[in-house]
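Data block below; observations after.
The values are calculated or read from the model by the stated rules, or taken from the named source; none is laboratory data. All values reported here derive from a predicted model rather than from experimental measurement. Here the Cβ positions follow ideal geometry from the backbone for every residue, glycine too, while neighbour counts run over all protein chains shown. For accessibility, only protein heavy atoms count, side chains too; no ligands or nucleic acids. Shrake-Rupley method; radii C 1.70, N 1.55, O 1.52, S 1.80 Å.
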Amino acid sequence: MSKLGNLGARLHRGEIAYDFVGKRKIWYGVSILITITAIVGLAVRGLNMGIEFQGGAVFTTPTHMSTSVAQAETYAKDASGHEAIVQKLGNGSLRIQIAGIDTDKSDQIKQELAKDLNLNPEKLAADLVGPSWGEQIANKAWEGLAIFMVLVVIYLAIAFEWRMAVAALVALIHDITITTGIYALVGFEVTPGTVIGLLTILGYSLYDTVVVFDSLKEQTKDITRQTRWTYSDIANRSINGTLVRSINTTVVALLPVAGLLFIGGGFLGAGTLNDISLSLFVGLAAGAYSSIFIATPLVADLKEREPAMKALTKRVLAKRAQAAAEDDLAADRPDDDSDAAPAVVGPRNQPASRGRGRGRPSGKRR
């Protein structure tokens with residue numbers, strides 16, 4: 001068995017464990033710091049919304065263009081008066097994206113671009129996106145996200161309990177905030193692919209959370225009938241028991257996404273992959289983190305506020321204190337009887353009936 005497999009087996013059996021729940025204040029602090037950084041990034045820099053949300057025009061040149069990306073950006077800015085995003089596609093053509101322009105001026109911009117690029121205007125393909133259509137996409141995205149959240153809360157409240165539903169909702173909001181904040185800080189363009197990526201990572205995050213919750217629900221049946229474990233203890237065992245499984249799932253999911261982001265979007269220059277690959281990469285990592293460090297510790301916090309759980313914790317701690325006191329008392333006792341009073345040996349240890357008649361005659365004659 002590999003070292004990782006052996007570690008997973010020992011974690012599952014409870015032979016070793018890391019106190020995730022006991023150190024939850026540390027994880028809460030780290031999450032709050034990351035979330036504040038993401039919110040500041042959103043407030044200061046904002047999101048770089050794609051043309052699908054702002055409206056504008058996309059011009060595509062024929063294949064094997066000799067014009068460089070920098071030259072095309074200059075031509076597009078001079079023709080439209082707006083900043084342009086130019087990408088070189090795999091077949092050698094250029095994709096020129098100009099957001100925020102009036103679609104009525106697209107023909108004029110097309111004519112000037114074709115002239116600067118030494119092209120026949122008929123060979124310069126143009127796709128126009130109105131701002132109302134982009135607003136419609138944004139509204140639909142928000143509606144889909146809200147419906148998803150409501151369904152998640154209802155399902156978890158029925159399948160588990162409302163405290164787990166609240167913890168899962170907090171973890172999902174945590175993941176969305178961090179991912180959108182990273183988009184603002186990095187400056188990547190937000191497209192419909194980004195929205196798809198966000199909804200996808202919410203599913204992954206929810207999967208890891210439900211795995212831990214299912215283990216926790218199974219192990220906390222009739223928890224108040226014992227005095228060995230508190231609810232936090234069992235929550236910590238549930239995290240450790242599923243830890244290696246969560247890590248394996250996350251790593252396997254992150255590897256192809258990392259290939260899309262760093263190799264496809266970075267080395268190969270396929271910029272169209274960045275919008276969805278960044279949301280998947282950041283979201284998967286944040287989802288795995290929140291499932292382990294946020295959702296389950298938060299459930300333990302909410303659960304231990306119940307009167308029954310408070311009473312159980314009091315009984316468990318009292319029993320542990322009693323056991324510790326007994327251990328201390330046993331440690332203070334001597335290991336052997338060398339200092340004890342010696343046993344009395346000799347005639348004094350013999351029964352009285354045997355002592356009579358041995359030292360002197362009994363007075364009877366035979």
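Brief remarks on what is shown
- Using θ = phi - 60° in the Karplus curve 6.51 cos²θ - 1.76 cosθ + 1.60, the 3J(HN,Hα) couplings for segment 277-283 round to 6, 5, 5, 5, 5, 5, x Hz; x is entered for Gly and Pro.
- 60, 230, 224, reordered so the largest accessible area comes first (probe 1.4 Å): 224, 60, 230
- Across the protein chains, with a 1.4 Å probe defining accessible surface, the residues 302, 172 rank 302, 172 from largest area downward.
- Each Cα pair under 8 Å and six or more residues apart adds its sequence gap; the mean of these over the residue count of segment 151-241 is a relative contact order of 23 percent.
- Partners for residue 217 among lysines (Cα-Cα distance below 26 Å; same-chain residues under 8 apart left out): 23, 25, 303, 310, 314, 319
- Student exercise, segment 176-328 dipole from Lys, Arg, Asp, Glu Cβ charges, in Debye to nearest 20: 560 debye
- Candidate lysines for bridging to residue 105, where Cα separation is under 26 Å - those fewer than 8 sequence places away on the same chain excluded: 77, 88, 115, 123
- Cα gyration tensor of segment 21-146 - equivalent ellipsoid semi-axes, whole Å, descending: 39, 18, 13
- Distances between placed amide hydrogens fall under 5 Å for residue 49 paired with 190, all partners being 5 or more residues away or on another chain.
- Solution diffusion estimate, µm²/s, Stokes-Einstein, segment 196-236, Kirkwood Rh from C-alpha pairs, 37 °C, viscosity 0.692 mPa s: 278 µm²/s
- Segment 36-49 - phi-based ³J(HN,Hα) in whole Hz, Karplus 6.51/-1.76/1.60, Gly and Pro as x: 4, 4, 5, 5, 4, x, 5, 6, 7, 9, x, 8, 8, 6
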